[in-house]
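Down below is the structure, laid out as structure tokens.
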Amino acid sequence: MSIRIPRPRTWLLAALFAALIAAAAPATAPAAQTKPTIVLVHGAFADASGWTGVIGRLEKRGYKVVAPANPLRGVSADAAYLRSFLTTISGPVVLVGHSYGGAVITNAATGNPNVKGLVYVAGYAPDEGDTIGGSLAELGEQGEIGPDTLDFRPFPLPDGTSSLEGYIKLGVFREIFAADLPRRVARAMALSQRPAAVAALGEPSGPPAWKTIPSYYLIPTRDRAIGTDVLRAMADRIDPRKTVEVKGASHVVMISRPGVTTDLIVRAAKAAS
């Protein structure tokens, strides 16, 4: 007498095979959040090397960072340059502006949906129609950059005429701009400073990005360039998500206090992720 062993049904074999594959496969990890690219914009009388300490700290935390050169030729021209630069970056962006760079990011970010945060590091945050040398300077009395502390030199324009650009006088550079840096460092910065076109001081700002994009503000309490009182007035006006004051820091707080500067940028970046 023979015993007949029934063949397993096809669907049962398929189900068992699928279960074995599922058990052997690794669990699917949740999708990682996209970290924004951090774009650091320097101001007048300086260059992008001032962000060196901040760049290293941001990269250690896993952020992509870029610090383009700011032409320093006028608010609208410099904003157009940065706006064009931003088109080469995919994904979310946090814009950081120091000093005059704050005015540039205020204009360049307007209408750009990729910019998720603005960080002002001792930076100008103008409203529409504001000028650096006029309405913003009148917000306080502690700023010392002006005709008495600047040297002026001509530079040629594309149409063949010339204009003026300003340098902070060597004798007052450290006390106004970088009082909390070693003298040799401040001296090197003074000798290698990048001048800004004087026309930038009187050019009205356009519609501000801080009205629609979350902003953050870092205020050094010994800023004698823009003036700590001017920075506080601008911060009060734009009502940032977070304002941090750094006691005893000079105008170049991102150089003398890169840690606290980085922390505020990371706070903005995490909120943008």
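FYI, it's all coordinate maths here, none of it is from the lab. Given the structure is predicted, the values throughout are model-derived calculations rather than measurements. Counting neighbours? That spans all protein chains shown, and the Cβs are built from the backbone with ideal geometry, glycine included.
One table, with the values for the structure above:
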read-out	value
Spatial extent of segment 34-188: Rg and Dmax, with the Cα atoms as the point set, Å	16.5, 48
Hypothetical label at Arg153: residues of segment 199-220 whose amide nitrogen lies under 17 Å (7 Å Cα-Cβ projection)	199
For the chain, calculated [θ]222 nm from helices alone, where every DSSP H run of n ≥ 4 adds -39500 (n - 2.57)	-9500 deg cm²/dmol
Dimensionless Rg over Rh [segment 106-216; C-alpha; Kirkwood]	1.01
Net charge of Cβ neighbours under 12 Å - reference Val39; Lys, Arg +1; Asp, Glu -1	+3
Close Lys-Lys pairs in the chain, where close means Cα under 18 Å and separation is 8 or more or interchain	12
Column: log10 I(q)/I(0), Debye, Cα scatterers of the chain, q = 0.14 Å⁻¹	-0.92
Gaussian network model of the chain, springs between alpha carbon atoms under 10 Å - residue of Pro195, Pro156, Pro147 with greatest fluctuation	Pro156
Dipole magnitude of the chain about its Cα centre (Cβ charges: Lys, Arg +1; Asp, Glu -1), debye to nearest 20	1960 debye
For the chain, with +1 on Lys and Arg beta carbons and -1 on Asp and Glu, the positive-most of Gly146, Phe177, Asn112 along the dipole	Asn112
Neighbour net charge for Arg153 - beta-carbon separation under 15 angstrom, K R +1, D E -1	+1
Net charge over other residues, Cβ less than 10 angstrom from the Cβ of Ala186 (K, R count +1; D, E count -1)	+2
C-alpha center-to-center spacing [segment 182-233, segment 44-108] in angstrom	13 Å
Rounded to whole Hz, the Karplus (6.51, -1.76, 1.60) HN-Hα couplings of segment 126-139, x for glycine and proline	x, 8, 4, x, 5, 10, 5, x, x, 4, 6, 4, 7, 6
Distant-in-sequence amide H partners of Glu245 (H built 1.01 Å from N, under 5 Å)	Ile219
Order of Leu231, Leu164, Leu150 under a 10 Å beta carbon neighbour criterion, fewest first	Leu164, Leu150, Leu231
